[in-house]
Structure formats: C-alpha cells, structure tokens
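See below for the structure under consideration.
The values are calculated or read from the model by the stated rules, or taken from the named source; none is laboratory data. No experiment lies behind these values; they were computed from the predicted model shown. Here Cβ is always computed from backbone atoms with ideal geometry, including for glycine, and neighbour counts include all displayed protein chains.
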Amino acid sequence: MDALEMLKNKNWAVVGASPDKEKFGYKIPKILKEEDYKVYSINPKYDEIEGEKIYDSLKEVEGKIDAVDMIANPKFAEGYLKDAKDLGIKNIFFQPGSYDDETVKKAKEMGFNVVCDCVYARLSK
C-alpha cells in the first residue's frame, strides 16, 4: 500500500499530537481536519489542544480508526503498535523521525500495512 492509497481512509489517529504550531504534531492533525478527515489526537501529556480532546492512548478512542499516523519518537512505537493490533487497526503511517528499521520491521511482522512518508507533504497544496 502506498501513501495515497492509505490516505483514502478517512478516520485517523495521530500519535504525538502537539500544541506547538511549529511541530508536525500540530500541523498534521490540522491539515487532516481541513481535508475532512475524522482525527483523534493522541498524547498522554495533554488533555486538550485548542479545545479539542486529546486521548492518552488509542484504546481510549471510542470512534472507528482506519489508520494511525505515528509522529512520536520510535521508542514509544511498540506500545502503540500493540494497541493498534488489539483494536484491529490495519494501517500505520510513519512520519519521518518516528521510525527506525526495527520499528518498521516489527510493524510489518505484526501484519500492518505500513507507509513511511509524510502526511503533511502529501496533503499540502
């Protein structure tokens, strides 16, 4: 599966959401919402960002998640991958800096469709 194919999914969880407007953890949820995606932002450090609820984990989200966009440091990936697997999520999109070879290998071994690309670059006009 390539980036454009994965972006056909409309329900996304963004792991590593940030209130810092300079970071992709802020820019990616924003651009997804602007493009009419349903976005669930994940970061245990925050309760909300600009009035939007921020979830501590994927397992807290009550809605459907088609794809997980990983922005967080790769050292946190394994726990999120396990939760995604437990929830039946099939698609993982790794942003630059959010993965290493071992993380990608693990995600593929767990059966995920994996894309290593940049959502922001793909959706920016």
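Check A84, A107 and return the single one that is buried (at least 22 other Cβ atoms within 10 Å of the Cβ), in contact (Cβ under 8 Å) with a residue 12 or more places away in the chain, within 16 Å of G16 (Cα to Cα) and more than 10 Å from the chain's Cα centre (by Cα).
After ruling out the rest, the residue left standing is A84.
Name the residue that is surrounded by the fewest Cβ atoms within 10 Å (Cβ to Cβ), counting only residues in the stretch 1-49 that are of a type outside the set (A, V, I, L, M) and under 12 Å from V68 (Cβ atoms). If you could, list the steps in order and put the result at the bottom.
Taking the stretch 1-49 and keeping what is of a type outside the set (A, V, I, L, M), we get 2, 5, 8-12, 16, 18-27, 29-30, 33-38, 40-41, 43-48.
Filter once more, so that each one left must be under 12 Å from V68 (Cβ atoms): 9, 11-12, 16, 40-41.
Details: N9: 19, N11: 15, W12: 24, G16: 24, Y40: 23, S41: 28.
Of everything passing the filter in the stretch 1-49, N11 is surrounded by the fewest Cβ atoms within 10 Å (Cβ to Cβ).
Which of the numbered conditions does I92 fail, given that it passes all the others? Conditions: (1) modelled with pLDDT under 95; (2) touching a helix residue (DSSP H, G or I) at 6+ places or on another chain (Cβ under 7 Å).
(1)
Can you list residue pairs whose Cβ atoms sit under 6 Å apart, with the first residue in the stretch 41-70 being touching a residue at least 24 places away in the same chain (Cβ under 8 Å) and under 15 Å from L87 (Cα atoms) and the second being buried (at least 20 other Cβ atoms within 10 Å of the Cβ) and polar (S, T, N, Q)? Count only pairs 6 or more apart in sequence or on different chains.
A67/N91
Would you pick out the residues in the stretch 1-25 that are among the aromatic types (F, W, Y) and outside any strand (DSSP E or B)?
Once the filter is applied, which keeps residues that are among the aromatic types (F, W, Y) and outside any strand (DSSP E or B), the stretch 1-25 yields only F24.
Against the condition within 19 Å of A3 (Cβ to Cβ) and over 15 Å from the mean Cα position of the chain (by Cα), how does E50 come out, does it pass? Before you say what the answer is, go through the steps one by one.
On the way: within 19 Å of A3 (Cβ to Cβ): no; over 15 Å from the mean Cα position of the chain (by Cα): yes.
Taking the combined requirement at face value, the residue does not satisfy it.
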